[in-house]
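Engineer: Below are the structure tokens for one structure; questions will follow.
Every number in this text was worked out from the coordinates using simple rules, so none of it is lab data. Keep in mind the model is a prediction, meaning the values are calculated, not measured. Neighbour counts run over all protein chains shown; Cβ positions are idealised from the backbone, glycine included.
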Amino acid sequence: QVQLVESGGGLVQAGGSLRLSCAASGRTFSNYAMGWFRQAPGKEREFVAVIRRSGGSTYDAASVKGRFTISRDNAKNTVYLQMNSLKPEDTAVYYCAAGNLATTRQSDYAYWGQGTQVTVSS
């Protein structure tokens with residue numbers, strides 16, 4: 001089992017920045033690819049970003065490319081999502097997830113956090 005706890009969400013004005021953190025415990029963190037997903041009100045949960053086990057390769061959704069950056073610190077068992085130039089449409093609950101494959105598919109991730117709310121005001 002892997003337990004994931006997100007933090008860092010909050011209310012920010014458009015154009016601002018936030019950094020989300022996801023702390024992992026349980027099994028060896030470096031054994032897992034880590035992803036960030038989000039779910040806006042009335043919409044399905046969608047992929048945001050993923051990072052491979054070693055952190056050497058990342059992939060971002062087109063909607064956040066150039067604004068969001070995923071990173072990880074395996075020594076701290078933590079994955080981050082730096083969010084810059086935030087827009088009102090980025091408002092959502094953000095979830096981190098752990099899986100064996102670094103993919104965009106939610107079904108490839110076995111472990112999920114409880115989510116953290118990000119609200120961007122215009």
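Engineer: In terms of the Cα gyration tensor, with a ≥ b ≥ c the square roots of its eigenvalues, is the stretch 4-44 rounded because a/c is under 1.5, prolate because a/b exceeds b/c, or oblate?
Structural biologist: Here the stretch 4-44 falls in the prolate category.
Engineer: Continuing with the same structure: How would the chain be classified by its alpha-carbon gyration tensor: rounded, prolate or oblate, with rounded meaning a/c under 1.5 and the a/b versus b/c comparison settling the rest?
Structural biologist: Prolate shape, in that a/c is at least 1.5 and a/b is the bigger ratio.
Engineer: Pull out a ≥ b ≥ c, the square roots of the eigenvalues of the alpha-carbon gyration tensor of the stretch 66-122, then state rounded if a/c is under 1.5, prolate if not and a/b is larger than b/c, and oblate in the remaining case.
Structural biologist: prolate
Engineer: Would you mind telling me the antiparallel percentage of the DSSP bridges in the chain, rounded to 5? Could you put the intermediate results ahead of the total?
Structural biologist: Details: 39 of 43 bridges.
Within the chain, antiparallel bridges account for around 90 percent of the total.
Engineer: Counting Lys and Arg as +1 and Asp and Glu as -1, what is the net charge of the other residues whose Cβ lies under 15 Å from the Cβ of residue 108?
Structural biologist: Details: positive: 45, 52, 53, 105; negative: 46.
In short, +3.
Engineer: Something else: Percent relative contact order of the chain, based on C-alpha pairs within less than 8 angstrom and at least six residues apart?
Structural biologist: 36
Engineer: Among 39, 106, 13, whose mean-square fluctuation peaks in a Gaussian network model of the chain (Cα, cutoff 10 Å)?
Structural biologist: 13
Engineer: For the pair residue 58/residue 14, report the inter-label distance in nm, with labels modelled 7 Å from Cα in the Cβ direction.
Structural biologist: 2.5
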